[in-house]
Structure formats: C-alpha cells, structure tokens
Amino acid sequence: MTKLPMDYASVMGRKADIMLKSVGIDYSKFESGTIAFDYEKMMKETGYTLEEMQDIQYGVNVGNTPIMEMKNLTALARACAPEGKGARIFIKDEAANPSGSFKARRAANAVYHAKRLGYKGVIAATSGNYGAAVASQAAIAGLKCIVVQECYDSKGVGQPEIVEKARKCEALGAEVVQLTVGPELFYKFLLLLEETGYFNASLYTPFGIAGVETLGYELANQFRDKYGKDPDAVVCTQAGGGNLTGTARGLRKAGSEATVIGASVDLSGLHMASDRAFNMKSFTTGHTGFGVPFSNWPDRSDVPRSAARPLRYMDRYVTITQGDVFFMTECLATLEGLEKGPAGNTSLAAAFALAQEYPQDAMICVQETEYTGAGKHVQPQLSFAKSNGIDVRFGDPADEVPGKSIILPDHPSKIKATDVDLDHMRKSLIKTAMKTYGVSDPSDSDIRFLAEETQKDEAWVRAAVAEINGK
C-alpha cells in the first residue's frame, strides 16, 4: 500500500475525501456549482425527525431541562430600568445535561449516528464543552473518543478555562490531543480522522445542529405549558453559530415567533488565530472572534458546508464586555444561588441589559447555562488576566479595551448591550460568497439563496450586489 504524503499541503488537498469518509455525507449532492446550495436538503440528511432526536436524547438523559425564573435578577434590572420597564428574566438550565452544557444535545445525536453506522470511535475538534459532551456520549455508547484541542500559545501556556475543559474531557474517558494556536489544529484533526477511521463528530454537521433543535422546541412548549405563552425574546450566546441556529430552528418548528437575539463578548481587535492574542482574552467561546466571522461566512468550519448559519435566524445581535460577564456571574451566584460558567452568563449579561427595554409583563429567556469548574471561575480567570498585564478594575465597562483591560461595572446600571450592524454583516456575507465562488453577477437561484442566508428580500440582495460591484 502506497504511503500517503503527510505534509500540510498534501493533507489539505485530501480534505474532501477525508471528510466524506469520516462524516458519511456527500456534500456535492447539495451543490449547484455556484454560490447556492440546498440547505434544507442537507439538513434532512440526518434522517431523523425532531421527535426521533428527542427520543435519542431522552434515552441517554439529555434534554428535558428546566426553565427557571430569575426573580432577584429581574428585580435588580427593574431597579435600573425606566418606569414600567424590566422584563421577567428566565434561564433554561442546560447545565443539567450529563456533560454540563447544551452541547450534550449535539453530541447525543452525532454519537448515536456514528454507532449506527458502525464507526468504532468519534473525534471532535473543540476547546472543550463540546469535547466533554462527545466524551460523555461516547462513554455511554461504548465508543472510543479523541478530542483535539487548541490549548496553548507558543510558550506552552494554557488559558485556565481551556485547561479546565481538558480535565473534564479526560475525566469522561477521552484522549485529549492538545495543540498550539494556529493551523496545526485542523491539520492534526484531519490526520487523526484519516489514521483512525473514526466518525467526525463536528459541531457543524447536520447532526450537530439538528440536535440543538430539541432545545428551542422544548423551550417554546415549556413556556406555553407553564406561562400560557411564548417568551418575547430568546437570547443565545453566539460563537460558531450552531447554538443560535439549532435553537431558532426548534423555536420555528414549535411555531414560536419569539425574537432571536445573538449575544457575544466584545473582543474587537484580538485575532483568534494570533499567538500573541490567544491568552490576552478571558473568554474561550461566545465572543466576537468567533461570532462575527462565523456569521459573515459560516463555511469557514471543518466541513464543506456548515449547518450553522446564524444570519438566517438572528433577529438582533448585541455585544457585551468581559467585565459585564464576570459581574453577572457573581450576581447569579449571590442573588440567585446558582453557580454557572461563562458561556451562558454571556447571554445572561445581555438579557439583563435587554430586559430593561421591555415592559414588565414581557418575558426574556436565556436558552442555556453551562457547568462551572476550577478554571471557569471568575477568580482564576481574572488572576490569569492580571498575570498577562491586563488592567482589572471596577469602573465603566464602556471604557474596556480587549487585551488591555477588564472593567467590572461599579454599578449594575452600567451593563449595556451594544447592537451590531446586521446589515453590514449581511453585505459582508454576500461579498465573501461572490469572492469565494468567483461570481460577479449572481444567478436568480444565487439571489434567492442569499436572500434566505440574510433574511432579506431579493430586491435588497440585488441592491447589495450592485453596491459591492460599485454600480
């Protein structure tokens, strides 16, 4: 048997073949040959109905997590809000899942499918929560599990939250391969898929995203059963887009018209692939370093076409600061008696600010929480920031500069949600699509596809194309 070349360029050149064998999906079936592809046909590739996915998840103790009202946080928001404002704040407690996060939903369906197809093991490339979820589900299914983790900078220093997640993955039986920041991650991931023949339990396959649909579907029905109506808004922490996409699709399948709001920590100016910037941030997910580029161009993921396409579903996108999230984490613990990790608290900080825009009879729900642990706590994160020269202090979070300061609000009224210009992001997606596929004059089918991608009508897309072309 001829030995295949292992250099970077050669391995990248085999990417499509490796992906086909490791995912079992021929993505070429959905392609049109240009910008457009059949997204809904790809999503049906899972072969499972929403009800079947629920059965799979409930069979391994995933899902059916409770809705909890945050009465004390609501009271605090009302104390900061204009007269008559201050929506009721709720959380869906996804930390109740076996691995401690909503990603157990993605993993349950991916691992079930891998076992059904006869794979002996699964591999996931992730900084942590999803790796823990895949490890947990692989343990239940009796499959091997490898987690490939971007963990260290070039000096071998790991961020506390990422190191914590590695411990979690290993505790659940996974082999963790820790790598430095940069292109090494995807290269090693492909090599391991090729070498082991394991299933690619990617965050971005149809299985991964469809697994989260049960969350949105549950959420809508729980509100109807308990409160007689849907929530007015659902806030989703936005990173790679799967959380928001899956939740929104589930809400739609339940017939809910709740406003879907994405929330990210503002890390403007810190490049996520930069060795220098890697440890200058205090959040490993749920920040603009993932949230913006994965919204602008979803197909930068580890599969040919990502099933996570947030601009199709996002009604509003806001950012908050690192200081806001640390402060809200402490508020949740001291006011509500709940200790949760930073990913869900990103949305909670945004919801706290957004609730002050809504009337008091409105309901706003944060659709996830996550487990916390030694490296996820506020204290080690802030200590690590200080050791990297970050100025940590109380004041106005509006003055925070990512990579230079973390400013905790000296009063809760200073927690503010800043809107992101979604139309600018939509135009960026269209421009990137045209450039990627070498198209200056998109066809009618391309225009229809881009309208779906951006939640705009075809006339708006044509005007955006003309603007991009300088006409």
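The values are calculated or read from the model by the stated rules, or taken from the named source; none is laboratory data. Values in this document were obtained by computation on a predicted structure and should not be read as measured data. When we count neighbours, we look across all protein chains shown, and the Cβ atoms used for this are built from the backbone with ideal geometry, even at glycine. The accessibility values were calculated without ligands, DNA or RNA, using every heavy atom of the protein model including side chains. Shrake-Rupley method; radii C 1.70, N 1.55, O 1.52, S 1.80 Å.
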P(r), alpha carbons of region 394-456 - 10 Å bins starting at zero, rounded %:
18, 30, 15, 20, 15, 1
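Could you give me D for region 3-108, from Stokes-Einstein at 25 °C and 0.890 mPa s, where the hydrodynamic radius is the Kirkwood radius over C-alpha pairs? Units µm² s⁻¹, please. Each step should come with its number before you reach the end.
Values: Rh = 18.7 Å.
Estimated via Stokes-Einstein, D reaches 132 µm²/s.
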Please report how far the C-alpha centroid of region 356-395 lies from that of region 234-253, rounded to the nearest whole angstrom.
20
Cα shape, region 151-293, gyration tensor, a/c 1.5 rule:
prolate
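Would you tally the net charge around residue 371, using a Cβ to Cβ cut-off of less than 14 Å, leaving residue 371 out, and scoring K and R as +1, D and E as -1? Could the numbers behind the result be given before it?
Numbers: positive: 103, 165, 167, 168, 340, 376; negative: 93, 94, 161, 164, 339, 368, 370.
After counting each charged neighbour, the total is -1.
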Under 5 Å between amide H atoms, partner at least 5 residues away or on a different chain: which partners does residue 263 have, H built in plane at 1.01 Å?
236, 237, 238, 318
Express in whole angstrom the spacing between the alpha-carbon centres of region 90-116 and region 396-471.
30
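If you add up the charges near residue 64, with Lys and Arg at +1 and Asp and Glu at -1, over every other residue whose beta carbon is less than 14 angstrom from its beta carbon, what do you get?
Working: positive: 92, 105, 226; negative: 51, 55, 93, 94, 218, 225.
Value of the local net charge: -3.
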Rounded to the nearest 10 Å², the accessible area of residue 4 at probe 1.4 Å
80
In whole Hz and in residue order, list the ³J(HN,Hα) couplings for region 98-114 that follow from phi through the Karplus curve 6.51 cos²θ - 1.76 cosθ + 1.60, θ = phi - 60°; x for Gly and Pro.
x, 9, x, 7, 4, 5, 4, 5, 4, 5, 4, 6, 5, 5, 4, 5, 4
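State whether region 211-359 is rounded, prolate or oblate according to the following rule on the C-alpha gyration tensor (a ≥ b ≥ c being the square roots of its eigenvalues): a/c under 1.5 gives rounded; otherwise a/b larger than b/c gives prolate, and the remaining case gives oblate. Could you put the intermediate results ahead of the total?
Working: a/c = 2.10, a/b = 1.19, b/c = 1.76.
Oblate shape, in that a/c is at least 1.5 and b/c is the bigger or equal ratio.
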Taking only protein heavy atoms and a 1.4 Å probe, the highest-to-lowest accessible-area order of 119, 317 is 119, 317
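Ordering 461, 163 from largest to smallest accessible area (1.4 angstrom probe), what's the sequence? Please report the intermediate quantities before stating the final value.
Numbers: 461 0, 163 45 Å².
Putting 461, 163 in descending order of accessible area: 163, 461.
Before anything else, pin down the relative contact order of the chain: Cα pairs under 8 Å, at least 6 apart, normalised by residue count, whole percent. The partial results should precede the final answer.
Working: 969 pairs, mean separation 86.0, N = 471.
Contact order relative to length: 18 percent.
Send over the per residue convex hull volume for region 23-62, Cα only, as a whole number of Å³. Provide the component values of the computation, followed by the final result.
On the way: hull volume 3.4 nm³, N = 40.
In region 23-62, the Cα hull volume divided by residue count equals 85 Å³.
Run lengths n ≥ 4 of DSSP H only: what is the helix-derived mean residue ellipticity at 222 nm for the chain, with -39500 (n - 2.57) per run over all residues, to the nearest 500?
Numbers: 19 runs with 214 residues, N = 471.
So the helix-based figure for the chain works out to -14000 deg cm²/dmol.
Would you mind giving the average projected area, over all directions, of the Cα convex hull of the chain in nm² with one decimal?
Values: hull surface 89.0 nm².
Mean shadow area of the hull around the Cα atoms is 22.2 nm².
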Under 5 Å, built H, 5+ apart or other chain: amide partners of residue 176:
147
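Stretch residue 72-residue 362 to full length: gain in nm at 0.36 nm per residue minus the Cα-Cα span?
Details: separation 290, 0.36 × 290 = 104.40 nm, distance 1.59 nm.
Full extension from residue 72 to residue 362 adds 102.8 nm.
Using a 1.4 angstrom probe with every protein chain in place, what is the largest-first accessible-area order of 113, 411, 271, 377?
Values: 113 20, 411 90, 271 120, 377 55 Å².
In descending accessible area the options line up as 271, 411, 377, 113.
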Quick one: 3J(HN,Hα) in Hz for region 340-355, Karplus 6.51/-1.76/1.60 with θ = phi - 60°, rounded, Gly and Pro as x.
9, x, x, 4, x, 6, 4, 5, 5, 4, 5, 5, 4, 6, 5, 4
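Please compute the net charge surrounding residue 42, taking Lys and Arg as +1 and Asp and Glu as -1 over other residues with Cβ under 9 Å from its Cβ. Spell out each step's value before the answer.
Numbers: positive: 29, 41, 44, 305; negative: 38, 40, 45.
So the surrounding residues net to +1.
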Can you give me the Cα centroid spacing of region 136-191 and region 260-306 in angstrom?
18
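For residue 157 and residue 40 in the same chain, what is the full-extension length gain: residue separation times 0.36 nm, less their Cα-Cα distance, in nm? Don't skip to the answer; put the middle values down first.
Numbers: separation 117, 0.36 × 117 = 42.12 nm, distance 4.22 nm.
Gain on extension, residue 157 to residue 40, equals 37.9 nm.
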Table column - 3J(HN,Hα) (Hz), region 425-431, Karplus curve with 6.51, -1.76, 1.60, x for Gly and Pro
5, 4, 5, 5, 4, 4, 4
